[in-house]
1. If eta is 0.890 mPa s and T is 25 °C, what Stokes-Einstein diffusion coefficient results for the stretch 63-151, Kirkwood Rh from Cα pairs, in µm²/s?
2. Within 10 Å, count the other beta carbons around each residue, average over each peptide in 64-72, 84-92, 109-117, 140-148, and list them highest first.
3. Could you check the spin-label model distance between Glu78 and Ser90? Points 7 Å from the Cα along Cα→Cβ, value in nm.
4. Alpha carbons only, please: Rg and Dmax for the stretch 16-106, in angstrom.
5. Give, as a single signed number, the net charge of other residues whose beta carbon lies under 9 Å from the beta carbon of Leu119, with Lys and Arg counted +1 and Asp and Glu -1.
6. What is the sum of charges, Lys and Arg at +1 and Asp and Glu at -1, for the other residues whose Cβ falls under 14 Å from the Cβ of Phe27?
7. Working out 0.36 nm times the residue gap between Phe27 and Leu181, then minus their Cα-Cα distance, what length gain in nm do you get to one decimal?
Amino acid sequence: NMLLYRAFRLDDENARYVFEHELGHSFDATHSNFLNCGSKTLTHPCESLEYQDHFDVMGKGRELHYNGIWKEKFNWFESNNIQTVTTNGSYTINPFESQGGIKVLKIPRDRDPITNEVLYHIYLEYRQPIGFDKKLLNKEVTRGVLMHYSPGHFWSSSQFIDTTPTIPDSRLNPTLLPGNLFIDKV
C-alpha cells in the first residue's frame, strides 16, 4: 500500500482516497456497503449494495473517517470511546473529532440459542463537520446518528443501515434524526 501511495501525487484527492481505502484493506476491513432492507427487518435477507456507504472511506466517502465498526476493529478507540449497550436508557454520543467521551454505541442484537453468541451488532455514531470530517458534504447527516450493522463479533462486514427507506435516494439522507424511531424487530 505504501508503494501504491508513492505512485500518486500527494495533493491528488483521488490518490489520497485510494491510499486511505487500500490502507483499510491492509487492516483487514472489507468494503462498506449500504444495506437496503426496505420494510423488512435486519434479520431477513436484505440487498447489500457494495461501496454504497457514502460516509466511510471503505465505501464512497472520500477523505472521511472509517466508520465505528472499522475503528473498533483497528483498535483506534480508547476503551472509554465505545460503549456496549445492554439495557434501555438514554445515551450520549460525542462526534468522532471531539476530545474524549463515547464516540460509538454498540448494541448486541439476537443471539444463537445454542452458543449464546451475538449474531449481529448495530453501531450508532455521530458525525460533525469538524476536523477530518469537515469535508462532510451532506449536512443532513450531521443532524442525527448514523447506523451500521455488523454480523457477529468478528467485524466481517460493515453494512450502512437505511433509517429513512421512504425518502428517495435515502443512501444520501440516511440519518436517524432526533425524535424519529428505528425499530429492529428481532
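1. 176
2. The peptides rank, most packed first, as 64-72, 140-148, 109-117, 84-92.
3. With each label placed 7 Å out from Cα toward Cβ, I get 2.5 nm.
4. Every Cα atom of the stretch 16-106 included, Rg and Dmax give 14.6, 41 Å.
5. Its environment carries a net charge of -1.
6. -3
7. 52.1 nm
Every read-out reported here was derived from the displayed coordinates using simple, explicitly stated rules and does not represent laboratory data. All values derive from a computational prediction rather than experimental measurement. Cβ sites come from the backbone with ideal geometry, for glycine too, and all protein chains shown count toward neighbours.
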